[in-house]
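First the structure, in the form of structure tokens, and then the observations on it.
The values are calculated or read from the model by the stated rules, or taken from the named source; none is laboratory data. Predicted model, so just to flag it, every value in this text is computed and none were measured. Because the Cβ atoms are built from the backbone with ideal geometry, glycine has one as well, and the counts that use them run over all protein chains shown. Side chains included, ligands, DNA and RNA excluded: accessible areas come from the protein's heavy atoms. Shrake-Rupley method; radii C 1.70, N 1.55, O 1.52, S 1.80 Å.
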Amino acid sequence: MSQRPADLTRSAREAARGGFSMPMTIRTERLVMEALGGHHAAGFLSLWDDPDSMRFLGGALDAPQAWARLARFAGQWSLHGFGHYALLTRSGEFQGYAGLWFPHGWPEIEVGYALHPAGHGRGYASEAVRAIRAVASQRGVPSLVSYIDPRNVASQRVAEAAGAQADGSVELRRSMAEIWRYPVDPSAEAAEVDASADVLWEASAMPLEIRTPRLRLTQWRLEHFDRFAAHAADPVSMRFTGGAMDAEEAWRDMAAAAGQWALRGYGVYAVEADGVVIGGVGLLHPFGWPERELAWSLAADARGRGYATEAARAVRAVAAVQGASRLVSLVHADNVASRRVAERLGAWPGGTAELFGEPVTVFVHPMDLDEAASAEDALLAPV
């Protein structure tokens, strides 16, 4: 290997910050590969429900867990400009997924893949990986590997068929994996790329940006991560939302926040004050959530200034302009600060639900069309 591991990691991080991107659609002889989105949810959830297919990927997931994984995969496209593709036959049948994966803490950009049992034994995975390798090489990827469980002989065969060779091992998330390294050849003949598909693959039901007198509500970007991770690591801030996270967990959480926009057409905004991200406010609706929630979470150094109320009021008003007839906020009984925000917004207790195994109060928001009319300037804010 001509480069040291530290050099390869540095190159991968530089590429993921914006020096490298992939097309949203690739076509091979037998497959149409589309960036994963909400319209692939049924096939994706079915795949992750199969214990044999997921044996070496952490095990089968129930529907809410698999939906969160799909949101995370979709979100990486927003954060990095590359990600996983749904593998579809030319007739549109979902066969699995394959693509590039680079969460926080990964040493290099990885080619990952998983096939539905119906697609096994047909060479779809190696066909997809060869195409991804060729396109990524032409577009300037610094290196490509697959991290494979030593027991996963089928995946090793796919990597080998796509040109990879074994190159040592690495510990990832407290498990050992073999490194299979692909040749990166910028002159390789690439698969057919559909340039016309390099657009958002879902129509947005909320604007991608909202402005208020003091705040900018915008889409999540990589430069938000350090502040996001610091907030997620604060046990006091995260007390009512599942607990503190390490940096790797925080990256996955931020990717899922970005990905919900692709799956739902709305989501939680990154909130910026004076150019610095201070938290997230928006419409939260993961799979299995009781209903669409107006949610907020601000960093400790941004509280006490009315930012959460200001941002949430703007999101609610714009949602009403867009036709939303009901929004709720789910507040833990001990979360006094969030309860006060809900009350300042004019919401009232309308029942109870359960989140993270804890009871929460369902605050129902007034959907005031007069207030909503005042949001039209925000709705039309320049992106």
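Descriptive notes on the structure:
- Whether the stretch 286-331 is rounded, prolate or oblate, judged on the alpha carbon gyration tensor where a/c under 1.5 counts as rounded: oblate
- Each of Ala161 and Ala60 was given a label point 7 Å from its Cα along the Cα-to-Cβ line. The distance between the two points is 2.5 nm.
- For Ala250, net neighbour charge (Lys/Arg +1, Asp/Glu -1) across residues whose Cβ lies under 13 Å away: -3
- Computed lengthening from Glu29 to Met367, 0.36 nm per intervening residue step minus Cα-Cα distance: 116.6 nm
- Ranked by the mean number of other Cβ atoms within 10 Å per residue, highest first, peptides 209-218, 276-285 order as 276-285, 209-218.
- Computed E for Ala233/Arg90 - FRET, C-beta separation, R0 51 angstrom, nearest 0.05: 0.65
- Total formal charge among the other residues, if their Cβ is under 12 angstrom from that of Arg13, Lys/Arg +1 and Asp/Glu -1: -1
- Carbon plus sulfur fraction of accessible area for the chain, probe 1.4 Å, in percent: 49 percent
- Helix-only mean residue ellipticity at 222 nm for the chain, each DSSP H run of n ≥ 4 adding -39500 (n - 2.57), per residue, nearest 500: -9500 deg cm²/dmol
- With Cα atoms, 0 to 90° folded angle of helix 307-321 axis to the chain main axis: 80 degrees
- Percentage relative contact order, the chain, counting C-alpha pairs under 8 Å, at least six apart: 15 percent
- Span from the the stretch 37-77 Cα centroid across to the the stretch 92-123 one, whole angstrom: 11 Å
- Rounded to 10°, Cα long-axis angle of helix 5-14 versus longest principal axis of the chain: 50 degrees
- For peptides 105-118, 240-253, 128-141, 162-175, sequence by mean Cβ density within 10 Å, most packed first: 128-141, 105-118, 240-253, 162-175
- Prolate/oblate/rounded label for the stretch 22-96 (Cα gyration tensor, a/c 1.5): oblate
- Order of exposure, largest accessible area first, which applies to Asp49, Asp226, Asp62 with probe 1.4 Å: Asp226, Asp49, Asp62
- Positive minus negative residues near Val328 (Lys, Arg vs Asp, Glu; Cβ under 13 Å): +1
- In the context of the full set of protein chains, residues of the stretch 301-354 present 48 Å² of accessible surface per residue (probe radius 1.4 Å, heavy atoms only).
- Cα shape, the chain, gyration tensor, a/c 1.5 rule: prolate
- Accessible surface computed residue by residue for the stretch 104-185, with neighbouring protein chains in place and a 1.4 Å probe, gives 44 Å² per residue.
- The stretch 1-52 - accessible surface per residue (Å², probe 1.4 Å): 50 Å²
- Solvent-accessible ranking of Glu291, Glu223, largest area first, probe 1.4 Å: Glu223, Glu291
- Computed FRET value (nearest 0.05) for Met176 with Ala353, which takes r as the C-beta separation and R₀ as 35 Å: 0.30
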